[in-house]
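Written out below as structure tokens is the structure these notes cover.
The values are calculated or read from the model by the stated rules, or taken from the named source; none is laboratory data. Computed from a predicted structure; not experimentally measured. Glycine gets a Cβ as well: all are built from the backbone with ideal geometry, and neighbour counts include every protein chain shown.
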Amino acid sequence: MQEDEAEGADSFTMAVALYGVLREYPWIGQVTADHDLDEDLFSLAVKRAAAYGFSSTRLSAGAELGGQRWGHADAGGDWSQDGQVRELASLTVYPATGLRAQHLPVLPMTRVLADALNRVGEVDFRGLSTAVPMHLAPDTQFDLVGEAAWYALAAPDSRTRATVTVTVTEAAAAKEVCELTRERGHDLLRVEPASQNERLPVLRGIGHDLESPRLSAFTCDVPEWTPEAAAWLAEVFIDSLRCVGAGPIAGIEIALPGTTLANGG
């Protein structure tokens, strides 16, 4: 890759956000005062990403991680204690482009955000959204076999119905995406086009403005309802959209039925 091409690739961002209700631990204020802390979503996400080796904000020796998954762009969240569904955590990054055949880091970003939220309170998780540059999405069919086996190890009564809203800037046949998603879910995902009468969440878009968007909606039964399972479902849809040539930007929102996901702030 030429230097100018690499710089162009580094300019593309992707984003992940988690939604729900956060109930801060009652001792957070006391601990914060005792240790003179000033932690927010951004600072916690940076610390957790460094701990996992996903990214670093160091400017001195050791700043360049050999397996760095992204460079930080922005992060934030609405932690209002009003019992309402909020965009609790969002992370926008510059995904690494030099790692051979690596997934877009939907799951690592989700893990960092979930860790940050669980450090400060109890989370009633309601949904996940991601906006990704599709030209950076590799073929992940082989890896999705192993991921399906992971989620097969879920309690039978954990199966949950979710709504999936997909927004792209180039048309993608909903029927074909549905079939590909079932195939990549390896009999663990029950995916159908959403009924016109179904109340679906509105995709807000995080980090990207989609021009002339095409929207498709699906209902899907997943083996369990966790941020990690939602990230897996997003990856299944990403590979299905890659296969049909959808792009250049895809937005995917996954939520419990009837949940309205709104940006914080």
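Condition first: farther than 25 Å from Val236 by Cα and either outside any strand (DSSP E or B) or within 14 Å of the chain's Cα centre (by Cα) (or both). Now tell me which residues in the range 118-130 satisfy that. Passing the criteria: Asn118, Arg119, Val120. The numbered conditions (1) under 18 Å from Thr260 (Cα atoms); (2) modelled with pLDDT under 95 are all true for Ala89 except (2). Gly8 passes every criterion in (1) modelled with pLDDT of 85 or more; (2) out of contact with any Ser or Thr (no Cβ under 6 Å at 6 or more places or on another chain); (3) surrounded by 12 or more Cβ atoms within 10 Å (Cβ to Cβ) apart from (1).
Just name the residue that is surrounded by the fewest Cβ atoms within 10 Å (Cβ to Cβ) out of those in the range 222-248 that are β-branched (Val, Ile, Thr) and in contact with a Ser or Thr (Cβ under 6 Å, 6 or more places away or on another chain). Once the filter is applied, the top-ranked residue is Val222.
What strands (runs of 3 or more DSSP E), lying completely within the range 154-265, carry at least 3 residues that are modelled with pLDDT under 85?
214-222
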